[in-house]
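One structure is given here, and the rest of the page talks about it.
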Amino acid sequence: MSTLSVGPQSEPSVRIAILDDYSHVSLKSADWTSVLARTQIDIYDTTEFDEDKLAKRLEPYAIVCTMRERTRFPASLFSKLPSLRLLTTTGIYNRAIDIKSAEERGIIVAGTKGGGTVTLEHTWALLLATVRQLVVEDSHMKSGNPQWQSTMPLGLSGRTLGLLGVGRLGTSTARVRRLSPACSRYLLTISPCRSPVLSECESSAGRRISL
């Protein structure tokens with residue numbers, strides 16, 4: 001584990017911890033100038049899974065910044081952090097945080113807006129990489145395989161795309177499919193809820209299966 005401390009080191013009244021920054025990007029992702037002038041920020045690049053050790057690590061901090069769902073914050077942990085006043089997370093949703101317990105203890109939980117369509121783009125990148133066997137072929141090329149193509153890639157045109165859940169990401173994935181004739185023609189959705197999105201999908205060669 002490595003810890004980076006920035007800002008005043010002379011016992012600041014408020015200390016901030018940034019957790020799970022294994023890529024070391026937190027200080028580059030925002031302007032911390034005004035914050036660093038008044039407080040100390042400690043950045044941890046590893047995840048501590050032992051709750052007692054985590055509580056000891058976070059005990060001095062009034063503000064903790066988390067990176068998605070890498071570190072859990074259950075009610076039992078909040079009870080060990082009397083100094084904690086603000087818990088932030090990247091993104092709006094974080095199922096690793098017990099929001100109700102935080103509110104009961106007067107701890108504010110705040111999130112940032114998402115990064116647009118990053119996850120959607122990643123979904124389609126993985127899908128295309130899978131059907132085109134990009135990982136396999138990339139590995140063969142880098143290892144000097146004399147056979148320049150060792151697999152038979154698939155196309156998406158005329159195929160069926162299956163979506164398990166039609167929430168925000170599932171909805172966006174289904175809509176992208178309709179933008180290009182090269183994408184799958186048919187859509188199969190599995191979702192516990194009925195929504196306008198499902199009707200839209202079904203009207204475009206889609207079919208829904210009830211759970």
Across (1) surrounded by 13 or more Cβ atoms within 10 Å (Cβ to Cβ); (2) modelled with pLDDT of 95 or more, Ala75 clears everything bar (1)
Members of the stretch 62-79 found to be over 20 Å from Thr119 (Cβ atoms) and among the basic types (Lys, Arg), listed by number: Arg72
Considering residues that are under 19 Å from the mean Cα position of the chain (by Cα), outside any loop (DSSP other than H, G, I, E, B) and free of Cβ contacts under 8 Å to residues at least 40 places away in the same chain, the number found within the stretch 42-70 is 0
For the stretch 19-37, which residues satisfy the criterion of being of a type in the set (A, V, I, L, M), farther than 16 Å from Tyr61 by Cβ and part of a loop (DSSP other than H, G, I, E, B)? Val25, Ala30, Ala37
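Of all residues in the stretch 99-128, count the ones that are without any contact (Cβ under 8 Å) to a residue 40 or more places away in the chain, of a type outside the set (D, E, K, R) and assigned to a helix (DSSP H, G or I). Explain how you work it out, then say what you get.
The first filter runs over the stretch 99-128 and keeps only residues without any contact (Cβ under 8 Å) to a residue 40 or more places away in the chain, leaving 99-116, 118, 121-122, 125-128.
Filter once more, keeping what is of a type outside the set (D, E, K, R): 99, 101-102, 106-112, 114-116, 118, 122, 125-128.
Then drop every residue that is not assigned to a helix (DSSP H, G or I), which leaves 99, 101-102, 118, 122, 125-128.
Count: 9.
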Count, please, the residues in the stretch 101-136 that happen to be modelled with pLDDT under 90, aliphatic (A, V, I, L, M) and closer than 25 Å to Thr66 by Cβ. 2
Of the criteria (1) in the same structural domain as Arg159 (by TED's automatic domain parsing); (2) over 30 Å from Thr171 (Cβ atoms), which one Trp124 fails: (2)
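Looking at Leu36, Leu19, which one is modelled with pLDDT of 90 or more and within 17 Å of Thr88 (Cβ to Cβ)? Reasoning before the result, please.
Numbers: Leu36 fails: modelled with pLDDT of 90 or more.
Just one listed residue meets the conditions, Leu19.
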Look at the stretch 129-173 and say how many of its residues are in a helix (DSSP H, G or I) and within 19 Å of Thr117 (Cβ to Cβ). 7
Condition check: in the same structural domain as Ser13 (by TED's automatic domain parsing), closer than 22 Å to Ala174 by Cα and out of contact with any helix residue (DSSP H, G or I) (no Cβ under 6 Å at 6 or more places or on another chain). Does Tyr93 satisfy that? yes
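Applying the selection to the stretch 24-41, what residues are surrounded by 16 or more Cβ atoms within 10 Å (Cβ to Cβ) and either within 18 Å of the chain's Cα centre (by Cα) or not assigned by TED's automatic domain parsing to the domain that holds Thr89 (or both)? Explain how you work it out, then say what you get.
Of the residues in the stretch 24-41, the ones surrounded by 16 or more Cβ atoms within 10 Å (Cβ to Cβ) are 26, 32, 35, 39-41.
Listed by number, the list holds a single entry, Ser26.
The values are calculated or read from the model by the stated rules, or taken from the named source; none is laboratory data. This structure is a prediction, so every number in the text was calculated from the model and none was measured. Using ideal geometry, Cβ is built from the backbone for each residue, glycine included, and neighbour counts are taken over all protein chains shown.
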